[in-house]
Amino acid sequence: MTSVVSEPSPFRPRHLSPSSASTFRQCPRRWKLKYIEKLPDPKGEAAVLGTFVHQILEELLSLASDKRSIDAARNIARDLWGRLLDDEDFRGLSFSDTDAKGFMWKAWRLIEQYFAIEDPTQVNVVRAEQQLAVEIGGVPFFGIVDLTEQVSDGVRVVDYKTGKAPNSRFVDDKLSQVWLYAAALAEEDVEVSGVRLMYLTSGTIDRPIDSTAVTQAVDAHRQTWDDLCEAIDAQKFPHKTGPLCNWCPYLDHCPEGALEAERRYGPRN
């Protein structure tokens, strides 16, 4: 009797996070170089700064509510700064002493602006830095929620942002990530009543829960997953050139991106 050898299952990522999905939509080739070929993707200053500020806020909000003072935040920042100096991503920035001090002051100004936006003693924390690994819309999803807090009408998802607030035309795109978190939390039996993007540079963008927006975000995530799986099966990861090419770590592996960066910004040093 002839045995039947089944075809191996096609490769699929273990999950699709909002950042991974965004990378694929931005440029499928970059996604392949990062997630399949696993080429180094060192963090830039903005990403390292964002992580550092998030860590300060996480530790601050883990304190009892009446202990969340500006002095407590300063002590946390000092302690974390000592650890950051040994961090591989931070060392990769190759800062001079002057640059490192400037980085620290940028981070501290963002913390001061956080205190200007809200009083942390009034934040009723449910969970901070919650990892979510669930299936939404048939897609294996992974994400880390900065904060869920209890508010008067239920549970709110909060995402801290250390960059500039978007133009009004792009707000819906930025909200898609927190809508996905709301869908993922629903799989954990957490009913979200609203979402907040907190831009430490400028203020908050608040929205009550919107089932239509959640469904649209989940559908878009599903479409990205389908497109990604199709690209994997066909082994076709086309490049997409644009203004961000100049900051892509893979220009040496992408002649089209290198040409685009040179066209826009001139020859590389």
(Q) Can you report the number of residues in the range 46-69 which are assigned to a helix (DSSP H, G or I) and open to solvent by less than 60 Å² (accessible area, probe 1.4 Å)? (A) 13
(Q) Checking Tyr265 against (1) aromatic (Phe, Trp, Tyr); (2) under 16 Å from Thr23 (Cα atoms); (3) open to solvent by 90 Å² or more (accessible area, probe 1.4 Å), only one condition comes out false. Which one? (A) (2)
Q: Test Pro13 against the stated conditions and say whether it is modelled with pLDDT under 95, out of contact with any strand residue (DSSP E or B) (no Cβ under 6 Å at 6 or more places or on another chain), in a loop (DSSP other than H, G, I, E, B) and exposed (fewer than 12 other Cβ atoms within 10 Å of the Cβ).
A: no
(Q) For a quick check of your reading: which strands (runs of 3 or more DSSP E) sit entirely within the range 141-232 and have at least 2 residues that are surrounded by fewer than 17 Cβ atoms within 10 Å (Cβ to Cβ) and touching a strand residue (DSSP E or B) at 6+ places or on another chain (Cβ under 7 Å)? (A) 203-208
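Condition check ((1) open to solvent by less than 50 Å² (accessible area, probe 1.4 Å); (2) in a loop (DSSP other than H, G, I, E, B); (3) closer than 16 Å to Tyr160 by Cα) across all residues:
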{"site": "Ile76", "(1), (2), (3)": "yes, no, no"}
{"site": "Leu80", "(1), (2), (3)": "yes, no, no"}
{"site": "Ser94", "(1), (2), (3)": "no, yes, no"}
{"site": "Asp99", "(1), (2), (3)": "no, no, no"}
{"site": "Trp105", "(1), (2), (3)": "no, no, no"}
{"site": "Leu110", "(1), (2), (3)": "yes, no, yes"}
{"site": "Ala116", "(1), (2), (3)": "no, no, yes"}
Q. Before we move on, is Lys38 open to solvent by 80 Å² or more (accessible area, probe 1.4 Å), part of a loop (DSSP other than H, G, I, E, B) and in contact with a Phe, Trp or Tyr (Cβ under 9 Å, 6 or more places away or on another chain)?
A. no
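The values are calculated or read from the model by the stated rules, or taken from the named source; none is laboratory data. A quick note: this is a predicted structure, and the numbers were derived from the prediction, not measured. Every residue, glycine among them, receives a Cβ derived from its backbone with ideal geometry; neighbour counts consider all protein chains shown. Surface accessibility is based on the protein's heavy atoms, side chains included, excluding ligands, DNA and RNA. Shrake-Rupley method; radii C 1.70, N 1.55, O 1.52, S 1.80 Å.
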